[in-house]
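Peer 1: Okay, handing you the structure first.
The numbers here are math on the coordinates, done by the rules we state, and not lab data. If you're wondering where the values come from, they're calculated on a predicted model, not measured in any experiment. Neighbour counts are summed over all protein chains in view; Cβ atoms, including those assigned to glycine, are modelled from backbone coordinates with ideal geometry.
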Amino acid sequence: MNMMDRQTDSAASPLSGKTVLVVEDEVLIAMDINECLEEAGAHVVYGRNLRQGMQRLEHEVDVALLDVSLGHTETCLPIAQALRERGVPFVLHSGDLQRLGETISNIGAPVLEKPCDTSEILQALQGAMQRVG
Amino acid sequence: MKDQAHRSPAQGETRAQQFENARSQAGQVSLSGESGVLFEQAMAQTRMAITLADPNREDAPLVFVNRAFRELTGYSEEEIIGRNCRFLQGPGTDPAQVRKLREAIASEEVVIVELLNYRKDGTPFWNALHLGPIYNDDGSLRYIFGSQWDVTDVHAARADEKHARMMEREISHRMKNMFAVISSIVTMTGKLDGAEGLAEKINARIRSLGRAHEAMLEVSFTEGPTDPRKLFRDLLHPYAPMGAGSVTLVGGKVPLDSNVVSVLALSLHELAINAVKHGAFSVPDGHVRLDWSLEEGPDGEARLGLGWTETGGPAPGNGAARKGIGMTIISRMLALGEGDIQYDWRPEGLHVEIHFPTSL
Ligand SMILES: Cc1cc2nc3c(=O)[nH]c(=O)nc-3n(C[C@H](O)[C@H](O)[C@H](O)COP(=O)(O)O)c2cc1C
């Protein structure tokens, strides 16, 4: 994706003005995703592990992108449950569909397989918001 | 002698010593009468399974087994005595090991083999079997002494280890391929778009990442703190004018999560290429000292502190002007991971302090 695309996207983007929670334990991936979201006009709150992700829930968020496995043993499951209770839509992001297949299908939310293009992430988040709103 | 026989094997005693002791005791008693009772009592105490076979009778039947042997195999005394011990063998038993036993018995030698045996209930176990002859005073063969030891656990551990090593090699192989493929895509795309310079910059970063993850693979499959020395060496030596001679690494083992490795690799890569362009790695006598240690962060979290000290290079000019794209990437990346980086352009060379959580 090049800069031109991102700029034309952002004006009309449904994510513009929304608050997006991103939980992702690979800082480099988070950097890329957060920048794209910000370019689409979104406000990003970021957590790099389960503890931080839970803490960030103090913010009002409109939609969330959750990396499924966080660190050695943790998953985003508690965050997903908390979001569901509040009716906040979210999209899962995982590089390990095989090993985490069961966790993922238990959560029952749209899934993006890593690595994926940031434009797909934007689309998936928009789709999730539309389905709820 | 009798006292000894009642003692269970001492802690430090090796199995070979235990075997020899038990074998010599067995040689000094007859299986009937007073001393036979004592012998049986002694053998009942030990956790080592013990068997005696009579080689002078047809097919060398077992004439004595102790409690440990019955417990190990699940057979009762009546089911054992009078039979050749091969009834423990089954479909998974390696014939080559059985042949070793047969040959050792025929030539009256001591032999140790590990072979798969089966209990009465059919469950298999790995048996470390130790056989040796017992002679009469006149030198004629009296018994064959055998001791059995269940080494199933050891076997399982060895198999796990072998499997883990195989997986490691496979992963390492695939990872190298993956990084190579990514590199070629970048190079090809760069060429087609007339951006070879950019492609090379990207590729240098990808190569550093690849090297770092490769170095980590060798250490990271074991839990706990790892020695990052190999990781640092692999990252920095390609840029150092005199290789190992231009770099001093100072620090011990630290816990490192694999997702920290990317951040670490890219940070060091940027510092190294900066040193190649403007700093210590631009001259043959230049030197970089990298030291690291564990420290405690503001909220008690374990953090890694890295110190990068250049000496012997050209005096750094205006520091801020030297902060290129690479430096910007590191700063942003570290900030996102709640780390930080500080530059100090000392007259003798750049000094950088980096701090970030050991687990991102
Ligand atoms: C005292 C003694 C104990 C033995 N214990 C075992 C045993 O625990 N497991 C086993 O598989 N074979 C054991 N053997 C070996 C077999 O009895 C037999 O000697 C071996 O299978 C080789 O002979 P074959 O080829 O005629 O079967 C023992 C042999 C002797 C003499």
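Peer 1: Shielding of B:332-338 by partners, i.e. mean partner chain Cβ atoms within 10 Å per residue?
Peer 2: Counting Cβ atoms of other protein chains within 10 Å of each residue's Cβ and averaging gives 4.
Peer 1: If you take the charge dipole of the protein assembly as shown about its Cα centre, with +1 on Lys and Arg Cβ and -1 on Asp and Glu Cβ, which of B:241, B:263, B:44 is farthest toward its positive end?
Peer 2: B:241
Peer 1: Under the definition of partner shielding as Cβ atoms of other protein chains within 10 Å of a residue Cβ, what is the mean value for peptide A:42-50?
Peer 2: If you average over the peptide's residues, the count of other-chain Cβ atoms is 1.
Peer 1: Tell me the net charge near residue B:251. Cut-off is 10 Å between Cβ atoms, residue B:251 excluded, with +1 for each Lys or Arg and -1 for each Asp or Glu.
Peer 2: Local net charge: 0.
Peer 1: While we're looking at this one, here's another question. Which FRET efficiency value, to the nearest 0.05, do you get for residue A:132 and residue B:237 by plugging their Cβ-Cβ distance into 1/(1 + (r/R0)^6) with R0 = 51 Å?
Peer 2: Once the sixth-power term is evaluated, E becomes 0.45.
Peer 1: Let me ask another. Over all residues in A:18-26, what is the mean tally of Cβ atoms on other chains that come within 10 Å of each residue's Cβ?
Peer 2: That average works out to 2.
Peer 1: Out of every Cα pair in the range B:46-150, what percent are spaced more than 17 Å from each other?
Peer 2: Tail of the P(r) past 17 Å holds 50 percent of the pairs.
Peer 1: Something else: Once you've got the GNM for chain B with C-alpha springs shorter than 10 Å, pick whichever of B:14, B:248, B:309 has the biggest mean-square fluctuation.
Peer 2: Of B:14, B:248, B:309, the Gaussian network model singles out B:14 as fluctuating most.
Peer 1: Grab the Cα-Cα distance for residue B:28 and residue B:106, subtract it from 0.36 nm times how many residues apart they are, and report the gain in nm with one decimal.
Peer 2: This chain segment gains 25.8 nm when fully extended.
Peer 1: When the Debye formula is applied to the Cα atoms of the range A:22-132, each taken as the same point scatterer, what base-10 log of I(q)/I(0) results at q = 0.15, 0.18, 0.20 Å⁻¹?
Peer 2: The calculated log intensity ratios at q = 0.15, 0.18, 0.20 Å⁻¹ are -0.56, -0.84, -1.08.
Peer 1: Turning to a different aspect of this structure: Using the Cα centre as the reference, give the magnitude of the dipole from point charges on the C-beta atoms of the protein assembly as shown (Lys, Arg: +1; Asp, Glu: -1; all else neutral), rounded to the nearest 20 debye.
Peer 2: 640 debye
Peer 1: What percentage of all Cα-Cα pairs in the range B:155-357 are separated by more than 29 Å?
Peer 2: It works out to 29 percent of all Cα pairs.
Peer 1: Could you work out the pair-distance distribution P(r) of chain B from its alpha-carbon pairs, with 20 angstrom bin width and percents rounded to whole numbers?
Peer 2: Going from the shortest bin to the longest, the percentages are 23, 30, 20, 23, 4.
Peer 1: Next up: In the Gaussian network model of chain A, springs joining C-alpha atoms below 10 Å, which of A:123, A:98, A:52 carries the largest mean-square fluctuation?
Peer 2: A:98
Peer 1: In 10 Å bins starting at zero, report the fraction of Cα pairs in the range B:240-294 per bin as a rounded %.
Peer 2: The distribution over the range B:240-294 is 23, 47, 26, 4, given as percents.
Peer 1: What residues from the range B:69-100 fall in the zone where the backbone N is under 16 Å from a label point 7 Å along the Cα-to-C-beta line of residue B:153?
Peer 2: Label zone hits: B:72.
Peer 1: Would you calculate, for chain B, the mean residue ellipticity at 222 nm contributed by helices, counting each DSSP H stretch of 4 or more residues as -39,500 (n - 2.57) and dividing by all residues, to the nearest 500?
Peer 2: The helix contribution divided over chain B gives -14500 deg cm²/dmol.
Peer 1: Turning to a different aspect of this structure: Too long at a 25 Å Cα-Cα cut-off: which of B:176/B:277; B:120/B:162; B:191/B:230; A:114/B:176; B:176/B:201?
Peer 2: B:176/B:277; B:120/B:162; B:191/B:230
Peer 1: Would you kindly calculate the mean projected area, averaged across all directions, of the convex hull enclosing the Cα atoms of the protein assembly as shown, in square nanometres?
Peer 2: Hull-based average projected area comes out at 35.4 nm².
Peer 1: Please compute the length gained on full extension between residue B:120 and residue B:40, using 0.36 nm multiplied by the number of residues separating them and subtracting their Cα-Cα distance.
Peer 2: 26.5 nm
Peer 1: I need the calculated FRET efficiency for the pair residue B:15 and residue B:289, taking r as the beta carbon distance and R₀ as 41 Å, to the nearest 0.05.
Peer 2: The calculated FRET efficiency here is 0.20.
Peer 1: Let me ask something else about it. Would you compute, from DSSP H runs of 4+ residues alone, the mean residue ellipticity of chain A at 222 nm, taking -39500 (n - 2.57) per run and dividing by the full residue count, rounded to the nearest 500?
Peer 2: When only DSSP H runs of four or more count, the value is -14500 deg cm²/dmol.
Peer 1: Right, next: Give me B:292, B:308 sorted ascending by neighbouring Cβ count inside 10 Å, so fewest comes first.
Peer 2: Fewest-to-most ranking of B:292, B:308: B:292, B:308.
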